[in-house]
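Since the structure comes first, as structure tokens, the remarks are kept for the end.
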Amino acid sequence: MVYVIGIDGGGTKTKAVLADQTGQVFATAAGGPSNPNSVTEHEIYESLSELFKSLKKQSPEAFDQVSICFAGMSGVGLDPNQSSLKTVLTNICQPYDMDVELAHDGVIALYVGTGGQDGIVHISGTGSITYAIKDNLIKRAGGWGYLFDDLGSGYSIGKETLAAVLQEYDGRGERTVLTSKVLQYFNADIPPDLVSLIYQASNHRTLIAQLSKLTFDAYEEGDDVSIQIIKQAAKDISHSIKSLANDVYANHDQVNVVLSGGLFKRDHIMIPLIKDDLKGTGHAYNLQLLYAEPVFGAVIGGLKHLGLEISEGFMENILVKHNV
């Protein structure tokens, strides 16, 4: 039996699992952030070391037989092998005599959605990014940060929502129920009050992204302004998918696309809109939501690196027992 440690590292938390090639999980652990853009190398080392200790404590026999640690991490840059995280992970794994592989977090999201097959993954939460993976090639679209380019994200929807409220107030925009919703959310009296409230907040990016929930609510109530904002977000997501498909999968009729992130909790809204925008583009897109945690995509990555096939039984085990 082959045993793998999979890691899903992000800007707010890190998850780890110890599993075998059948999808049976022997240990799980969770810790703090591991994005090198958010915390120091020392903090990442300490956090990951604690995760490994926890896994070993829970299942020492399986831990001692682990062949590889595969980590999908945010913030690794364009070349994971050049990331400082690769050095950190190698230093942690070396005493345990296990191999180490590091990949973008988008890779593991794709793998858990497709069972390890190539394709495109789009992630929309607070931010937004799209990856195309084919063989050993990885290309990205978007995800350059909220100051530059985070189209199709919760933040971009929230920003457009605030703009619509202020534009209605000063006479430049249409009437919208977003005004009452946003004022109530912040317990504010008039739209200009929102400016100081948001600028003074320490987490203004997250705060603005959370407003996307109000925009989806207003969309379902038939608010014209909200419908325009959500439709534009869907177009932005579709555009990233199409541009990567035309580049990486130009000679393929069908492309697997995995959609991941908090924005797709309103999948009954977003998926039909994205499907409409993708029509007539020369590709047949197999859109699917992420139904299992990305950390299991890291386990799949480890098994693939070892040259093992991902069985139907493996996917059934993680989808039944560990669905999101």
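The values are calculated or read from the model by the stated rules, or taken from the named source; none is laboratory data. Worth saying up front: this structure is predicted, and the values here are computed from it rather than measured. Here the Cβ positions follow ideal geometry from the backbone for every residue, glycine too, while neighbour counts run over all protein chains shown.
Among the residues of the range 247-260, those identified as touching a His at 6+ places or on another chain (Cβ under 8 Å) and either among the aromatic types (F, W, Y) or farther than 22 Å from T126 by Cα (or both) are Y249, H252, D253, Q254, V255. Listed conditions (1) polar (S, T, N, Q); (2) touching a Gly at 6+ places or on another chain (Cβ under 7 Å); (3) under 21 Å from I300 (Cα atoms) are all met by T114, apart from (2).
Going by the conditions given, is L55 modelled with pLDDT of 95 or more and surrounded by 20 or more Cβ atoms within 10 Å (Cβ to Cβ)? Yes, satisfied. Residues being in a loop (DSSP other than H, G, I, E, B) and closer than 18 Å to H104 by Cα are entirely absent from the range 232-244. If we keep just the residues of the range 33-49 that are in a helix (DSSP H, G or I) and hydroxyl-bearing (S, T, Y), which is modelled with the highest pLDDT? Among them, the one singled out is S49. M315 satisfies every condition listed in (1) of a type in the set (A, V, I, L, M); (2) out of contact with any helix residue (DSSP H, G or I) (no Cβ under 8 Å at 6 or more places or on another chain); (3) closer than 22 Å to A16 by Cβ; (4) in a loop (DSSP other than H, G, I, E, B) except (4). When the range 245-287 is filtered for residues that are among the aliphatic types (A, V, I, L, M), surrounded by fewer than 21 Cβ atoms within 10 Å (Cβ to Cβ) and in a helix (DSSP H, G or I), the ones remaining, listed by number, are I269, I271, L273. If the condition is being outside any helix (DSSP H, G or I) and buried (at least 19 other Cβ atoms within 10 Å of the Cβ), then the range 288-309 contributes L290, A292, E293, P294.
Of all the listed residues (L151, L137, L85, L110), the sole one being surrounded by fewer than 18 Cβ atoms within 10 Å (Cβ to Cβ), touching a helix residue (DSSP H, G or I) at 6+ places or on another chain (Cβ under 8 Å) and either among the aliphatic types (A, V, I, L, M) or not assigned by TED's automatic domain parsing to the domain that holds I300 (or both) is L137. When A27, A62 are checked against the criterion of being in a strand (DSSP E or B), surrounded by 16 or more Cβ atoms within 10 Å (Cβ to Cβ), free of Cβ contacts under 8 Å to residues at least 60 places away in the same chain and over 22 Å from the mean Cα position of the chain (by Cα), a single residue qualifies: A27. Taking the criterion of being acidic (D, E) and in contact with a strand residue (DSSP E or B) (Cβ under 8 Å, 6 or more places away or on another chain), the residues of the range 20-73 that qualify are D20, E50.
For the criterion of being touching a residue at least 12 places away in the same chain (Cβ under 8 Å), within 16 Å of the chain's Cα centre (by Cα), surrounded by fewer than 23 Cβ atoms within 10 Å (Cβ to Cβ) and within 30 Å of Y285 (Cα to Cα), T130 fails.
Give the residues of the range 140-198 that are among the basic types (K, R), modelled with pLDDT of 95 or more and more than 12 Å from I229 (Cβ to Cβ), sorted by residue number. Selection gives R172, R175, K181. Based on this model, can you work out whether A164 counts as in contact with a Leu (Cβ under 8 Å, 6 or more places away or on another chain) and assigned to a helix (DSSP H, G or I)? Answer is yes for this residue.
In summary, G152 fulfils each of the numbered conditions (1) within 12 Å of the chain's Cα centre (by Cα); (2) in a loop (DSSP other than H, G, I, E, B) with the single exception of condition (1).
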